[in-house]
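Some notes on the structure that comes next.
The values are calculated or read from the model by the stated rules, or taken from the named source; none is laboratory data. Everything numeric here is computed off the predicted structure, so don't read it as measured data. A quick note on method: Cβ atoms are made from the backbone with ideal geometry, for glycine too, and the neighbour counts reach across all protein chains shown.
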Amino acid sequence: MNFAALKSPNFRTYVGGSFLGLLSLWMQRVTSGWLAWDLTGSASFVGLVALVQFAPAIFLSPLFGVWADRLNVQRSALFVQTLNFLVAVTFWGVVALGALTPVLMICVTLASGITAAASHPVRMSLTPRLVKRELIGSVVNIVAINFNVARMMGPALGGVLIGTLGVTTTLLIQAVLYIPFLLALSRVTLRPKRDSGTIEEPFFQALATGFRHVWVTPVIWRAMVTVGVLSLVARGTLEILPPLADGVFQRGAGGLGVLLSATGIGALIGGVFKGFLRPQEPGQIPGLSLVFVLLGLGLVPLLGAVRVWELALLTVAGMAFVTTLTAISMQTAIQLVLEDDMRGRVMSLWAVVTAGGSALGAGVLGLMADVLGYPPTLFWVGTAALVGLAGYFAYILGQR
């Protein structure tokens, strides 16, 4: 089993605090999705909100990655999570005052997306330094499981709270949940990293160094291509579930919460399953992960075709299982070959590929669903991605 990092009290402190912050994140995700749908009844607007949430990662994460490599990463994490708390408070205030409009929804979501763009490289630089270097693979796996437990519980809890206490109280609870995370971040200690002169290197030269490192390291490049296609299609589909929950099955906010909880269950199973697999060797991408990638893309057309609620839940759970297992495998493959002073820059590009792919996929798929319909969109996009990535795998296997 690959859970050895939990023996570290330092790491356990972080995991406990971050869980509540992640719970808030996923509650806010279902709340935002429902408000976007409730305000407009448009799949395009739901996709636009998801695009605005994730798009800043495409442009800003690499810049924040340089920052993560040259500044005190613990203080940076505290600063970023404080901003997340303030954005959550602002979102609650706007709704409490009855002032929410589609334009304000986009503005608050954009602010949240900018802080998320900073959060990705900072978090991925911080967590490997909470333990000894030989436990990095275990850290990646446990952090992913922690993320997906919150992903499983958050949407269901958010849906229940919206239905019983209302959106305003739900948003207030989401803001309060960030406070224990801030306390945990203030208490952890980090192992030192090597001094390679990154601080003295000109900013954009340091940025270029990160891009160059990805380009010349085959395992990093291949991992990012693989997870990029999966994020664009499968994760993009999972970001536009409100039209499925309410437009196809007429199940409302509660149905959306159940769908998102199903994705959380699938993702959690994927994380635990990965933990029981043999630890990865540096410089390698497991062949089993490539098989699951193709399976996940094959589930996208199926989701568009299902008309039975229980089958839809199984399908989104399967997609989440695959995307989580693949993300852990690919991120582990990258983290195992990185030095600490390169993590911010390289993992910021990982954030561009994963979050940016989800954002672009959600926006494009939402627009196509309004024009072509939900089922045809998922059928054609999923099939094209499956054929294309299968061809890419055949090519790289042929190069060995």
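Looking only at segment 62-73, residues that are buried (at least 18 other Cβ atoms within 10 Å of the Cβ) and more than 18 Å from L338 (Cα to Cα) come to 0 in all. Just one of (1) of a type in the set (F, W, Y); (2) in contact (Cβ under 8 Å) with a residue 60 or more places away in the chain; (3) farther than 16 Å from L185 by Cβ fails for F85. It is (3).
Take S112 and tell me if it is part of a helix (DSSP H, G or I), modelled with pLDDT under 85, crowded, with 19+ Cβ neighbours inside 10 Å and hydroxyl-bearing (S, T, Y). Against the criterion (part of a helix (DSSP H, G or I), modelled with pLDDT under 85, crowded, with 19+ Cβ neighbours inside 10 Å and hydroxyl-bearing (S, T, Y)), S112 does not qualify. Confirm whether F54 is surrounded by 23 or more Cβ atoms within 10 Å (Cβ to Cβ), more than 22 Å from L190 (Cα to Cα) and at pLDDT below 85. Criteria met by F54.
Of the residues making up segment 245-261, those that are crowded, with 24+ Cβ neighbours inside 10 Å and within 18 Å of A305 (Cβ to Cβ) number 2. Condition check for G361 on (1) closer than 30 Å to L63 by Cβ; (2) surrounded by fewer than 19 Cβ atoms within 10 Å (Cβ to Cβ): one failure, at (2).
The residues listed here are I162, I173, I106, I142; of these, the one that is surrounded by 23 or more Cβ atoms within 10 Å (Cβ to Cβ), more than 18 Å from the chain's Cα centre (by Cα) and hydrophobic (A, V, I, L, M, F, W, C) is I162.
The set of residues in segment 74-84 that are out of contact with any Ser or Thr (no Cβ under 7 Å at 6 or more places or on another chain) and crowded, with 21+ Cβ neighbours inside 10 Å comprises S76, A77, Q81. Listed conditions (1) part of a helix (DSSP H, G or I); (2) touching a residue at least 12 places away in the same chain (Cβ under 8 Å); (3) not polar (S, T, N, Q) are all met by L100, apart from (1).
Remark: pairs (first residue in segment 299-315, farther than 14 Å from V248 by Cα; second residue assigned to a loop (DSSP other than H, G, I, E, B); Cβ separation under 8 Å; 6+ apart in sequence or on different chains) = T315/V306.
If you filter segment 1-23 down to residues that are part of a helix (DSSP H, G or I) and of a type in the set (F, W, Y), you find that the one that is surrounded by the most Cβ atoms within 10 Å (Cβ to Cβ) is Y14. Against the definition (in contact with a Gly (Cβ under 7 Å, 6 or more places away or on another chain) and either touching a residue at least 12 places away in the same chain (Cβ under 8 Å) or among the β-branched types (V, I, T) (or both)), how does L185 come out, yes or no? Yes, satisfied.
Okay, residues lined up against (1) in contact with a helix residue (DSSP H, G or I) (Cβ under 6 Å, 6 or more places away or on another chain); (2) among the aliphatic types (A, V, I, L, M); (3) more than 22 Å from G137 (Cα to Cα):
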position	(1), (2), (3)
P202	no, no, yes
Q205	no, no, yes
A223	yes, yes, no
S261	yes, no, yes
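Name the single residue that is modelled with the highest pLDDT among those in segment 299-358 being of a type in the set (A, V, I, L, M, F, W, C) and outside any helix (DSSP H, G or I). Of everything passing the filter in segment 299-358, V308 is modelled with the highest pLDDT. Once segment 103-120 is narrowed to residues that are out of contact with any helix residue (DSSP H, G or I) (no Cβ under 6 Å at 6 or more places or on another chain) and touching a residue at least 12 places away in the same chain (Cβ under 8 Å), the residue that is farthest from G344 (Cα to Cα) is M105.
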